[in-house]
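Below: one structure, written as structure tokens.
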Amino acid sequence: MKETQTLQEKATSKEATERISGSEAVIKCLLAEGVEILYGYPGGAIMPVYDELYKYQDKIHHVLTRHEQGATHAAQGYARISGKVGVAIATSGPGATNLITGIADAQIDSTPMVCITGQVGSHLLGSDAFQETDIIGISTPVTKWNCQITTASQIPEVIAKAFYIAKSGRPGPVLVDITKDAQFEEFDFKYEKCKGIRSYKPIPDTDKNSLKAAAELINNAKKPLVVWGQGVILGKAEEAFKAVIEKAGIPSAWTILGASAIPTKHPLNVGMVGMHGNYAPNVLTNDCDVLIAIGMRFDDRVTGNLESYAKQAKVIHFEIDPAEVDKNVKTDVAVLGDAKASLEALLPLLKANSHPEWHQKFKDLYEIEYEKVIKNELYPTKEGLTMAEVLKEINIQTKGDAAIVSDVGQHQMIACRYAEFTTTKSNITSGGLGTMGFALPAAIGAKMAAPEREVVMIAGDGGYQMTIQELGTIFQQKVPVKIVVLNNEFLGMVRQWQQMFFDKRYASTEMTNPDFVAIAKGYFIDAKKVTERKDLKASVKEMIDSKGPYFLEVCVEKEGNVFPMIPTGASVSDIRLE
Amino acid sequence: MESEIKQFTVSIYTENNIGLLNRISAIFQRRHINIESINSSVSEIEGVSKWTIVVQLSEERMKKIQGQIEKQVEVIKAYYHTEDQIIYQESCLFKIKSELLFDEPEVQNIIKDSNARIVIVNKEFFVIEKSGKKEEIELLYRELSVFGIMQFTRSGRVSVTKDEMKISTMLKAFQH
Ligand SMILES: Cc1ncc(C[n+]2csc(CCOP(=O)(O)OP(=O)(O)O)c2C)c(N)n1
């Protein structure tokens, strides 16, 4: 008797609803989705939700960033290192518009993120009310999905959909805009996770024949080349990927967002492709007989001139997003589907192979790049410090275990080229959008998501100052990130282009900088400045050994250039070493 | 061959959602593709909307755009067709001074010959409606404009395909 009663009670309590406000429902939805940390900034239209955040502060940690853009990048950093959905929250109007850069960044880099914005009361919509902006209209082209909520009862279903859409298939940002009256309104709350949407197929079916065709091309290839992208990481396909390239013995190169999926020192890892990538994989893209693209989208920074990109090769494209197939490069075999499942299914179809002569070509070209570029970068004989030697020092001190969060510019290319990775999801950078100001807040999110990891942020003196106010967040939250600014007193990457393509007319790229150390110290962050090579090692060590956050400014060569380089419009094989 | 500019009629089946117009038109706008006409209505399936969009572009671009449209969460399926694959109509309304109807026998003949329909007649004006292909409507327009047209408007194209579009079966497959 008693037992059946409790069972019944259980059954009804599962069905049962509770009467709560829309704003409390928002928090309960977030908790149901496993959100522990969110980044944001309060304001009028989102105050009811903040009031609930106050009540639930022991269950969900709200991080007050110093700018809403910082909140999005922090959420992105959180997502990129953990694979979980990052969450950012802001008020209507300027709060919402300040999210846009981060949303656009997450859209182009396929980062799962849910942004929640407050909106003016529904009776005021369209009246140009105080802090009303059409954030749905504004965010539409840069979101995977967005939705405005005007009654509380919509909240559970829409937020459940938001998380489902953000993380499934090819991930991306979702924005949910909630009017203030919907936040206040009480309703009968019940949460159910979203299990599917009838018009939305996150993962396309994999055609077995395409797998067979791919295997046949790979098995018959004499000079196969793999180029992998972030799809391997997002699809949690690292192991399956490694097994495939190891069995078939294929030299494999990465796009910047693909970096760290396999260790830098893996013998089949032949480096980075693209504008500032490595010499061998760029040149040999135009020599391979089969190009196997895995979870990458042939961005123009990767392909250079499409007219002369891998024309001699058969192209196989493993891809989750059907719209990417044949978008930029015509494929011979497209394998649609989830990277992990496809690669696991491919493995038994492959013949073991090793291609020693083909590998030798990569080694020979690496030697050329080493002599012409790498040696001088890592072991400079000239007086000025190079960016690469700072990276080398960080590699040594962290044993390649750090997650590197880089900003945008020369230092980013150097960080991607020279950082050593042993763990996946360790290269966090703004690839597709190239958002200066990304790194500092992204490093905050990354460190908070993975406190056990060493997180080293690397920025230029330009980009650092775009979100420098997030030092306040680091101080308030006591986030022990390591902050490295490679100061060349220039907007270096733009200056390099001015030097190479605009006859050295340095229009507005020179920076007169403040005392960065004093600024960090103003936020009570330990800080140091290095100007000479002899002090570099000890300073990097001190930074890595530090338990708390640490700021290190390294004054580097002012007019250093990043090479190799594929000039815009040139072919990958016309990559310049000097 | 592939880059030859052609006219395509795009059929899109979607969930009902106010925001979708923005999303879909932005896909064309971003690529500087002019939408010649756009029509949205209910479809043969309850709760599913159907859009008919007419555009001019190369088939290569059309294919890529079809992919971009289908990528939208609330789009069930997008197809594109050439003219010979569809049955299509456009509709238009002419508002004309009533005296012309009574004083100009030629006007009456034009209306009769064109298979247009008189919707309303009152003391000041009458309204005729004509459905058909764009050329038929243009012809009628030219003929009537000689006498003076007070107001004219033409709808977007609506179309059905000669072949089946397997939306219902597809929707079932989507249901997880
Ligand atoms: C928000 C934003 N504005 C402008 C640019 C264009 N841009 C790309 S790299 C760069 C220079 C970056 O300078 P700095 O941060 O000092 O790094 P460095 O290249 O010197 O390493 C600029 C201005 C950008 N990528 N993002």
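Among the residues of segment A:393-452, those identified as within 11 Å of the ligand (Cβ to nearest atom) and either in a loop (DSSP other than H, G, I, E, B) or within 14 Å of chain B (Cβ to nearest Cβ) (or both) are A:D407, A:V408, A:G409, A:S430, A:L433, A:G434, A:T435, A:M436, A:G437, A:F438. Checked against (1) crowded, with 22+ Cβ neighbours inside 10 Å; (2) within 15 Å of the ligand (Cβ to nearest atom), A:T473 meets all criteria but (2). Please determine whether any residue of segment A:453-468 is more than 9 Å from the ligand (Cβ to nearest atom), away from chain B (no Cβ under 14 Å) and surrounded by fewer than 16 Cβ atoms within 10 Å (Cβ to Cβ). No - not one qualifying residue is present in segment A:453-468.
For segment B:120-137, filtered to residues that are out of contact with any Ser or Thr (no Cβ under 9 Å at 6 or more places or on another chain) and surrounded by fewer than 14 Cβ atoms within 10 Å (Cβ to Cβ), the residue that is nearest to B:S49 (Cα to Cα) is B:K133.
State whether the residues of segment A:151-158 include one that is under 18 Å from A:T331 (Cβ atoms), β-branched (V, I, T) and surrounded by fewer than 24 Cβ atoms within 10 Å (Cβ to Cβ).
No, segment A:151-158 contains no residue that is under 18 Å from A:T331 (Cβ atoms), β-branched (V, I, T) and surrounded by fewer than 24 Cβ atoms within 10 Å (Cβ to Cβ).
Among the residues making up segment A:178-203, those that are in contact with a helix residue (DSSP H, G or I) (Cβ under 6 Å, 6 or more places away or on another chain) and buried (at least 17 other Cβ atoms within 10 Å of the Cβ) are A:T179, A:K180, A:D181, A:A182, A:Q183, A:E185, A:F187, A:F189, A:C194, A:R198. For segment B:155-168, indicate whether the set of residues that are within 14 Å of another protein chain (Cβ to nearest Cβ), of a type outside the set (K, R) and either touching a residue at least 40 places away in the same chain (Cβ under 8 Å) or exposed (fewer than 11 other Cβ atoms within 10 Å of the Cβ) (or both) is non-empty. Yes, segment B:155-168 contains at least one residue that is within 14 Å of another protein chain (Cβ to nearest Cβ), of a type outside the set (K, R) and either touching a residue at least 40 places away in the same chain (Cβ under 8 Å) or exposed (fewer than 11 other Cβ atoms within 10 Å of the Cβ) (or both). Going by the structure shown, is A:A74 within 16 Å of the ligand (Cβ to nearest atom), under 17 Å from A:M436 (Cβ atoms), among the aliphatic types (A, V, I, L, M) and in contact with a helix residue (DSSP H, G or I) (Cβ under 6 Å, 6 or more places away or on another chain)? Spelling it out, it is not the case that A:A74 is within 16 Å of the ligand (Cβ to nearest atom), under 17 Å from A:M436 (Cβ atoms), among the aliphatic types (A, V, I, L, M) and in contact with a helix residue (DSSP H, G or I) (Cβ under 6 Å, 6 or more places away or on another chain).
Listed by position, the helices (runs of 4 or more DSSP H) contained in segment A:121-228 that have at least 2 residues being more than 21 Å from A:L31 (Cα to Cα) and within 11 Å of another protein chain (Cβ to nearest Cβ) are A:135-139. Taking the conditions (1) out of contact with any Leu (no Cβ under 7 Å at 6 or more places or on another chain); (2) within 30 Å of A:R505 (Cα to Cα) in turn, A:I458 satisfies each one other than (1).
Figure legend. Inter-residue proximity from segment B:11-33: first residues within 7 Å of chain A (Cβ to nearest Cβ), second residues surrounded by fewer than 18 Cβ atoms within 10 Å (Cβ to Cβ), beta-carbon distance below 6 Å, spacing 6+ or different chains. Indicated pairs: B:A26/A:P141.
For the subset of segment B:138-154 comprising residues that are part of a strand (DSSP E or B) and surrounded by 13 or more Cβ atoms within 10 Å (Cβ to Cβ), which member is modelled with the highest pLDDT? Spell out the reasoning first.
Residues of segment B:138-154 that are part of a strand (DSSP E or B), as a first pass: B:151-154.
Then keep just the ones that are surrounded by 13 or more Cβ atoms within 10 Å (Cβ to Cβ); that gives B:152, B:154.
Working: B:F152: 98, B:R154: 95.
Ranking the candidates gives B:F152 first.
Of the residues A:V517, A:V494, only one is within 12 Å of the ligand (Cβ to nearest atom), in the same structural domain as A:A403 (by TED's automatic domain parsing) and in a helix (DSSP H, G or I); which? Every option except A:V494 fails the conditions. Here segment B:1-10 is the region considered, the condition is being more than 14 Å from chain A (Cβ to nearest Cβ) and over 18 Å from the mean Cα position of the chain (by Cα), and the residue that is surrounded by the fewest Cβ atoms within 10 Å (Cβ to Cβ) is B:M1.
Given A:I108, A:I89, which one is more than 13 Å from chain B (Cβ to nearest Cβ), crowded, with 24+ Cβ neighbours inside 10 Å and within 16 Å of A:V174 (Cβ to Cβ)? Quick ask: steps written out before the conclusion?
Values: A:I108 fails: crowded, with 24+ Cβ neighbours inside 10 Å.
Of A:I108, A:I89, the one residue that is more than 13 Å from chain B (Cβ to nearest Cβ), crowded, with 24+ Cβ neighbours inside 10 Å and within 16 Å of A:V174 (Cβ to Cβ) is A:I89.
The single condition from (1) within 15 Å of the ligand (Cβ to nearest atom); (2) part of a helix (DSSP H, G or I); (3) touching a residue at least 40 places away in the same chain (Cβ under 8 Å) that A:G560 fails is (2).
For every residue, the table says whether it meets (1) in a helix (DSSP H, G or I); (2) under 18 Å from B:S43 (Cα atoms); (3) within 14 Å of chain A (Cβ to nearest Cβ).
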site	(1), (2), (3)
B:K64	yes, no, yes
B:E70	yes, yes, yes
B:Y88	no, yes, no
B:K95	no, no, no
B:L100	yes, no, no
B:V107	yes, no, no
B:I111	yes, no, no
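Checked against (1) in a strand (DSSP E or B); (2) touching a Ser or Thr at 6+ places or on another chain (Cβ under 9 Å), B:I24 passes all but a single condition, namely (1). B:T14 satisfies every condition listed in (1) surrounded by fewer than 17 Cβ atoms within 10 Å (Cβ to Cβ); (2) within 22 Å of A:I136 (Cα to Cα) except (1). Selection of segment A:523-557 for residues being out of contact with any strand residue (DSSP E or B) (no Cβ under 6 Å at 6 or more places or on another chain), farther than 17 Å from A:N395 by Cα and touching a residue at least 24 places away in the same chain (Cβ under 8 Å) yields A:Y523, A:F524, A:E532, A:K547, A:G548, A:P549, A:E557. Within segment A:320-339, the set of residues being away from chain B (no Cβ under 14 Å) and surrounded by 18 or more Cβ atoms within 10 Å (Cβ to Cβ) comprises A:V333, A:V335, A:G337, A:D338, A:A339. Taking the listed residues B:T82, B:T52, the one that is more than 14 Å from chain A (Cβ to nearest Cβ), polar (S, T, N, Q) and within 26 Å of A:N146 (Cβ to Cβ) is B:T52, with no other qualifying. State all residues of segment A:308-319 that are within 14 Å of chain B (Cβ to nearest Cβ) and either over 17 Å from A:G235 (Cβ atoms) or more than 21 Å from the chain's Cα centre (by Cα) (or both); if no residue qualifies, say none. Passing the criteria: only A:H317.
The values are calculated or read from the model by the stated rules, or taken from the named source; none is laboratory data. Only a predicted model underlies this, so the values are computations on that prediction, with no experimental measurement involved. Here the Cβ is made from the backbone with ideal geometry for all residues, glycine too, and neighbour counts use every protein chain on show.
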